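Contents: one structure, followed by commentary.
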Amino acid sequence: SPKIMDAYAKFKIDPMFNVQVGQMKIPFSIENPLSPTSLEFIDNAKFIGAYLPTGGRDIGLQVSGGFFPQEKSGKDLIEYTVAVMNGNEINKKDDNTAKDFSGNLKFNICKNLMLQYSLYEGKMGEIHHDANNHKSMHGAGAWYNGDKFNVRSEYYHVDFQGTKGQSCYAQVAYNIKSKVYPAFRFDYIDHDLDLHNNSEFDYSVGINYVPAKFVGLQVNYTCKTY
């Protein structure tokens, strides 16, 4: 059945302090907050689908802002986003008395280069004081978005209900013409570092064609190995 994905109100109080409340994207990783229309591939990286389900959204309150605006880049040198969320996916009320916390810190090194660190801490289920219901995630990444090359890579480490895992991806897209964008991505995930032969690898190639401002076509081929 249909589900509400995004429903929020945003109050732009000051460039250094904005408030957003409702159901929105979780501010974790570089990729998750991006609009689907700006992604180079049809599917998100494997980590997003595994640990940020239901479109990477949740219900809560978020504050964000930036400091030290740079004239050359038109961006703030430092940007932050912090959110307090239910931790129970979309269109659902909270199932415990604990709240989940997520946030990221961006450093816009120059006009085309950005570095980011992300953090997520939360509890799952009704018995939220149980250590096995803990969800902790850390992520670090870099994104170079130039006129010709678009290169992005991230690494994640997760402690999910007592099981430690890790994931990373690296991708590059090249703008041959203003309307054609070929792309390649390597994507890796290991849900349990204590188990052997538990890794998954995806190798994806794709072509993005944008004939008009509001029209896009994506074709992807992915080779999956286990």
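The values are calculated or read from the model by the stated rules, or taken from the named source; none is laboratory data. The shown structure was predicted, so the numbers you read here are calculated from the model rather than taken from an experiment. For neighbour counting, all protein chains shown are included, and Cβ atoms are generated from backbone atoms with ideal geometry for every residue, glycine included. Just the protein is used for accessible areas: all its heavy atoms, side chains included, with ligands, DNA and RNA removed. Shrake-Rupley method; radii C 1.70, N 1.55, O 1.52, S 1.80 Å.
Taking GluC sites (Glu not before Pro) across region 91-154, the ones in a DSSP loop with at most 16 further Cβ atoms lying within 10 angstrom of their Cβ are Glu126.
Annotation note: trypsin sites (Lys or Arg not before Pro) in region 1-87 located in DSSP loop regions with a Cβ neighbour count of at most 15 within 10 Å are Lys3, Lys72.
Just round it to a whole percent: the fraction of Cα-Cα distances in the chain exceeding 27 Å. Counting pairs separated by more than 27 Å, the tail of P(r) holds 39 percent. Restricting the calculation to alpha carbons of region 41-161 gives Rg and Dmax of 16.4, 51 angstrom. Taking only protein heavy atoms and a 1.4 Å probe, the accessible area of the chain is 61% carbon and sulfur. Using alpha carbons only, the radius of gyration of region 133-226 set against its Kirkwood radius gives Rg/Rh = 1.09. Accessible area per residue for the chain, computed on protein heavy atoms with a 1.4 Å probe, is 57 Å².
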